[in-house]
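Participant: Pasting in a structure now, in structure tokens, and then I'll have a few things to ask.
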Amino acid sequence: ERMFMKTVAFLTLGCKVNTYESEAMLKLFHQAGYEAVDFKDKADVYVINTCTVTNTGDSKSRQMIRKAIRQNEKAIVCVVGCYSQVASEEVVSIEGVGVVLGTQFRNQIVDFVNEYKTTQKPVIKVSDVMKLSRFEDLDIDEFTRNTRAFLKIQDGCNNFCTYCIVPYTRGRERSRDVESILNEVADLVSKGYKEITLLGQNVNSYRFEKEGGEVVTFPMLLRLVAEAAPGIRVRFTTSHPKDMSDETLEVIAQVPNVCKHIHLPVQSGSSRILKLMNRKYTREWYLDRVAAIKRIVPDCGLT
């Protein structure tokens, strides 16, 4: 007779960082004896990892929460991520939601599900992300569907572009401990991944201060990761033009397994508009960075 398995279904909206965090939470459910099923199926627990960067993110998030509740009214519905970070009252007011987490505490999600089972009272954990100074380590070693692994090295953003909500959903910049990153790289290498993408809200602003005061910058980290994973392609996303340094370009040029491809958001071709956007660079600076890419990494792809 088939053993009774608890089931969990995930739905992830938004960016690659969310994809990474969903995989990490799925691993926690696996360890607790849950089997993953498709979001369209009936599950005991539904996890909706929300986005709020665009208005459609909000409405899509609400729509999917209601869909989960309709599919199994007895299910425990967990809403996590950026939309619940900035609009937790809206999420809580949806009848049938059991667990509400913002962009923190995700490593305790299974405990919160158990707490809700016991008390039948909604569990709401949304911290003030503006006060966070430590990176929340979420561990993943199985990307269930492909040969490319995502590796989160940085969270949050200090840029406060006038049109962007990210600093308010993710908080200030926090960089992950170098040792923790290299341990995860070793793990991914041993599992046979062919490609590792370093992720962050503002990946090239990575800056980690070791106990002795030594600072590891993004280009230094990029080199360390690539050297720890020889023969494996290394990429990163997404860069801010103001942080695109010659040092980073030199690593791309010199280290053979760092992919010669840079994604560099342009935003506007007008320095006046860039200033109004609070982008902290001018049209001239952007063009200078493109010229530097051409000079230092002549065969680089640029998107």
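The values are calculated or read from the model by the stated rules, or taken from the named source; none is laboratory data. Since we're looking at a predicted model, the values are computed, not measured. Quick reminder, even Gly has a Cβ in these numbers, built from the backbone with ideal geometry, and neighbours come from all protein chains shown. Side chains included, ligands, DNA and RNA excluded: accessible areas come from the protein's heavy atoms. Shrake-Rupley method; radii C 1.70, N 1.55, O 1.52, S 1.80 Å.
Participant: Being part of a helix (DSSP H, G or I), of a type in the set (Lys, Arg) and touching a strand residue (DSSP E or B) at 6+ places or on another chain (Cβ under 9 Å) narrows it down to one of Arg295, Arg223, so name that one.
Facilitator: Sole residue among the options that is part of a helix (DSSP H, G or I), of a type in the set (Lys, Arg) and touching a strand residue (DSSP E or B) at 6+ places or on another chain (Cβ under 9 Å): Arg223.
Participant: Moving to a separate point now. Does Thr303 satisfy the condition of being under 21 Å from the mean Cα position of the chain (by Cα) and touching a residue at least 40 places away in the same chain (Cβ under 8 Å)?
Facilitator: yes
Participant: Residues that are more than 30 Å from Pro219 (Cβ to Cβ), open to solvent by less than 20 Å² (accessible area, probe 1.4 Å) and modelled with pLDDT of 90 or more: find the helices (runs of 4 or more DSSP H) completely inside the stretch 78-174 holding 3 or more of those.
Facilitator: Because the criterion is at least 3 residues that are more than 30 Å from Pro219 (Cβ to Cβ), open to solvent by less than 20 Å² (accessible area, probe 1.4 Å) and modelled with pLDDT of 90 or more, the helices (runs of 4 or more DSSP H) in the stretch 78-174 that meet it are 109-119.
Participant: Among the residues of the stretch 205-220, which ones are part of a loop (DSSP other than H, G, I, E, B), at negative phi and open to solvent by less than 40 Å² (accessible area, probe 1.4 Å)?
Facilitator: Across the stretch 205-220, the qualifying residue is only Tyr206.
Participant: Of all residues in the stretch 251-267, which are of a type in the set (S, T, N, Q) and at pLDDT 95 or above?
Facilitator: Gln254, Asn257
Participant: Quick check on my filter: what residues within the stretch 33-53 are among the aromatic types (Phe, Trp, Tyr) and either part of a loop (DSSP other than H, G, I, E, B) or within 12 Å of Leu11 (Cβ to Cβ) (or both)?
Facilitator: Phe39, Tyr46
Participant: For the stretch 182-204, check the following and say yes or no: at least one residue is open to solvent by less than 20 Å² (accessible area, probe 1.4 Å), more than 19 Å from Val251 (Cα to Cα) and of a type in the set (Gly, Ala, Ser).
Facilitator: Among the residues of the stretch 182-204, not one is open to solvent by less than 20 Å² (accessible area, probe 1.4 Å), more than 19 Å from Val251 (Cα to Cα) and of a type in the set (Gly, Ala, Ser), which makes the answer no.
Participant: Only one residue in Glu250, Glu227, Glu209 is more than 26 Å from Pro298 (Cα to Cα) and without any contact (Cβ under 8 Å) to a residue 60 or more places away in the chain. Which one?
Facilitator: The unique qualifying residue is Glu209.
Participant: What are the residues in the stretch 245-285 that are part of a helix (DSSP H, G or I) and more than 27 Å from Val225 (Cα to Cα), if any?
Facilitator: Ser271, Arg272, Ile273, Leu274, Lys275, Leu276, Arg283, Glu284, Trp285
Participant: Could you tell me which of the residues Lys74, Lys67, Lys16 is charged (D, E, K, R) and touching a residue at least 60 places away in the same chain (Cβ under 8 Å)?
Facilitator: Lys16
Participant: Hey, another quick one. For the stretch 65-77, what are the residues that are of a type outside the set (A, V, I, L, M) and in a helix (DSSP H, G or I)?
Facilitator: Arg66, Lys67, Arg70, Gln71
Participant: Here's a check for you: in the stretch 14-39, which residue that is surrounded by 18 or more Cβ atoms within 10 Å (Cβ to Cβ) and among the aliphatic types (A, V, I, L, M) is farthest from the chain's Cα centre (by Cα)?
Facilitator: Per the stated criteria, the residue is Leu28.
Participant: Right, here's the next one. Please state which one of Asn257, Asn278 is within 18 Å of Val185 (Cβ to Cβ) and either of a type outside the set (Lys, Arg) or open to solvent by 30 Å² or more (accessible area, probe 1.4 Å) (or both).
Facilitator: Just a single option satisfies the conditions, and that option is Asn257.
Participant: From Ser270, Ser239, Ser245, grab the single residue that is in contact with a helix residue (DSSP H, G or I) (Cβ under 7 Å, 6 or more places away or on another chain), exposed (fewer than 13 other Cβ atoms within 10 Å of the Cβ) and of a type in the set (Gly, Ala, Ser).
Facilitator: Ser270
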